[in-house]
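The values are calculated or read from the model by the stated rules, or taken from the named source; none is laboratory data. Since the model is a prediction, treat every value here as computed from it, not as a measurement. Ideal geometry is used to build each Cβ from the backbone, glycine not excepted, and the neighbour counts take in all protein chains shown. The accessibility values were calculated without ligands, DNA or RNA, using every heavy atom of the protein model including side chains. Shrake-Rupley method; radii C 1.70, N 1.55, O 1.52, S 1.80 Å.
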Amino acid sequence: MTGTTTPPIRVLIADDQAAVREGLALLLGTLPGIEVIGQADDGNAATELAHDLEPDVVLMDLNMPRRDGIDATARIIADRPAARIVVLTTYEDEASILNALRAGALGYLTKSATRTDIERAVKAAAAGQSLLDPAAQRTLLAAATGMPVAAATDDPAVDDLTARETEVLRLIAEGRSNREIARQLVVSEATVKTHINRIFTKTGSRDRAQAIRYAYTHGYADPGTTT
């Protein structure tokens, strides 16, 4: 009797520079559990291939001809709401980051990202989780607080969670799954994921482990409440 094999994460790469596309394809091809199924050289091609190939994750550049990455992201999400988009770009300004996230991107990396960063972002997106690289986090935190980016780097924690986000963070710290949180709060799992993505952005967390650490260090959770 053989065990069940987990299918690879199917990735579409969208970038107008052939060298970048091919380099990313080679890099992703070395990562376990990831398969590159297509490459697009502009936003129109990305939209069409995402519809035809139905990738699990699209690795999306922003500055592309015919249709930019933000418009392509919005169109892909409109066509397939379950699509997962990770932006990989040279831009780390506030407008680019916010517009990409508003269009539906789950992850945002700059092209200084390492092989490990890209792997983590693709796998997080495939699992429906958000991941922003440190540069994007600093930009958003600085914008949220009105602080210069350098100051935000020293203290990335921003205590501007809403009441519902605070409640979700406490439940995460208790070890609850998205499904358990949804049941307790009487909301959909999609709504819970939205709250968690916003919590990650506001607290500068890359994953649930960092969000839990934030909860403990900022008084949102008591160590005796974890399950």
- If the chain between E54 and T217 were fully extended at 0.36 nm per residue, the gain over the current Cα-Cα distance would be 54.6 nm
- When the Karplus curve 6.51 cos²θ - 1.76 cosθ + 1.60 is applied with θ = phi - 60°, which whole-Hz ³J(HN,Hα) does each residue of segment 7-20 get, with x for Gly and Pro? x, x, 6, 8, 10, 10, 9, 10, 7, 7, 9, 4, 5, 5
- Task: Calculate how large, on average over all directions, the projected area of the Cα convex hull of segment 43-98 is; give the answer in nm² to one decimal.
- Result: 3.6 nm²
- Query: From the residues A121, A18, V87, which one has its Cα farthest along the dipole of segment 1-145 in the positive direction, the dipole being from +1 and -1 charges on Cβ of Lys/Arg and Asp/Glu about the Cα centre?
  - Reply: A121
- What is the Cα centroid distance between segment 2-39 and segment 91-126, reported in whole angstrom? 16 Å
- Query: What spacing in nm lies between the two simple spin-label points modelled at R164 and R80, each 7 Å away from Cα in the Cβ direction?
  - Reply: 2.8 nm
- Query: Taking amide hydrogens as modeled 1.01 Å from N in the peptide plane, which residues meet the under 5 Å criterion relative to T89, leaving out close sequence neighbours?
  - Reply: L109, T110, K111
- Item | Whole-percent pair-distance distribution, where bins are 5 Å wide, for the alpha carbons of the chain | 1, 7, 14, 17, 18, 16, 12, 9, 4, 1, 0, 0
- Want the number for V20 to R66: 0.36 nm per residue separation, take away the alpha-carbon distance, what's left? 14.7 nm
- Message: Give me the percent of accessible area attributable to carbon and sulfur for the chain, probe 1.4 angstrom.
- Response: 50 percent
- When the charge dipole of the chain is computed with +1 on Lys and Arg Cβ and -1 on Asp and Glu Cβ about the Cα centre, the Cα farthest towards its positive end, among L49, N63, A209, belongs to A209
- Item | Candidates T203, T110, T217, ranked by Gaussian network fluctuation over the chain, Cα under 10 Å, top entry | T217
- The answer for L131, listing residues at least 5 apart or on another chain whose modeled amide H is closer than 5 Å to its amide H, is G107, Y108
- Query: Against the longest alpha carbon principal axis of the chain, how many degrees, from 0 to 90 and to the nearest 10, is the axis of helix 208-217 turned?
  - Reply: 30 degrees
